[in-house]
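A quick write-up on the structure given underneath.
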Amino acid sequence: MFRTKLIAATLGAALALGTTGMAYAGSDKGEEMQEVATILNAKASVLQAVALAEKHTGGRALKIGLEREDGAYRYEVKIATKDKVSEVTIDPASGTVTRVEDDGLIARLLDREDKAAYGELISSPVTLSTAIETAEKETGGKAIEAEWESEDGKPELKVETVKDGVVTKVKIDAATGKILRVSNSQKGEDKDD
């Protein structure tokens, strides 16, 4: 009975998504398919959610992703300010902030190594929003998640976009805004600029 309902639900989601859904259903990524469908049908885009969270907190976005909570998907945006890190939850369907949580004292103490990285981010000339715009322009797709990271001591912004069911990862230099790498997860393509 459960399997029958699961198959029916998966087929229904795939039909609702058209070719995007079929590409994900075929690759056995049901959860990713649902996340992509939520983002593609959302009133608030990833870029709009980042802007809303930054405006709400006065900080800069470190990361945005979609998380399932109480049966519904929500954007979770991690924001850094000079003195704290907050997580802003936004309803993609309405584009409204539903919750803001500040990291507790223990999390801040355990997260000491990230404090330097947060300082780099706050002073970086390239924001997560700028990186999202750059990646969407480069790929012609829609951002589904983005994050700031430090790889080999170099600050980078990583953005994943989706177009026609294909997920593309774009890495951007946080200091210059230059695209460092574009990799297409479905076709195995990889392009360094």
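Structural remarks
- Here Thr38 passes the criteria (1) at pLDDT below 90; (2) open to solvent by 50 Å² or more (accessible area, probe 1.4 Å); (3) among the hydroxyl-bearing types (Ser, Thr, Tyr); (4) within 18 Å of the chain's Cα centre (by Cα) except the one numbered (2).
- Qualifying residue in segment 49-56 (condition: of a type in the set (A, V, I, L, M, F, W, C), in contact with a helix residue (DSSP H, G or I) (Cβ under 8 Å, 6 or more places away or on another chain), over 23 Å from Asp102 (Cβ atoms) and open to solvent by 10 Å² or more (accessible area, probe 1.4 Å)): no
- Members of segment 37-59 found to be small (Gly, Ala, Ser), out of contact with any strand residue (DSSP E or B) (no Cβ under 8 Å at 6 or more places or on another chain) and over 17 Å from Val159 (Cα atoms), listed by number: Ala37, Ala42, Gly58
- Test: residue in segment 165-172 that is of a type outside the set (Ser, Thr, Tyr), crowded, with 16+ Cβ neighbours inside 10 Å and out of contact with any strand residue (DSSP E or B) (no Cβ under 9 Å at 6 or more places or on another chain): yes
- Taken over segment 173-183, residues that are in contact with a helix residue (DSSP H, G or I) (Cβ under 8 Å, 6 or more places away or on another chain) and either at pLDDT below 90 or open to solvent by 40 Å² or more (accessible area, probe 1.4 Å) (or both) amount to 0.
- Filtered residues of segment 66-101 (kept if at pLDDT below 95, under 22 Å from Ser150 (Cβ atoms), open to solvent by less than 40 Å² (accessible area, probe 1.4 Å) and part of a strand (DSSP E or B)): Ile79, Ala80, Val85, Ser86
- Within segment 36-83, the set of residues being among the β-branched types (Val, Ile, Thr) and more than 21 Å from Thr168 (Cβ to Cβ) comprises Thr57, Val77, Ile79, Thr81.
- The residue of segment 127-164 that is surrounded by the fewest Cβ atoms within 10 Å (Cβ to Cβ), among those that are part of a helix (DSSP H, G or I) and in contact with a helix residue (DSSP H, G or I) (Cβ under 6 Å, 6 or more places away or on another chain), is Ser129.
The values are calculated or read from the model by the stated rules, or taken from the named source; none is laboratory data. Just so it is clear, the structure is predicted and the values come from calculations on it, not from any experiment. For neighbour counting, all protein chains shown are included, and Cβ atoms are generated from backbone atoms with ideal geometry for every residue, glycine included. The protein model used for the area step is the full one, side chains on, heavy atoms only, and it has no ligands, DNA or RNA in it. Shrake-Rupley method; radii C 1.70, N 1.55, O 1.52, S 1.80 Å.
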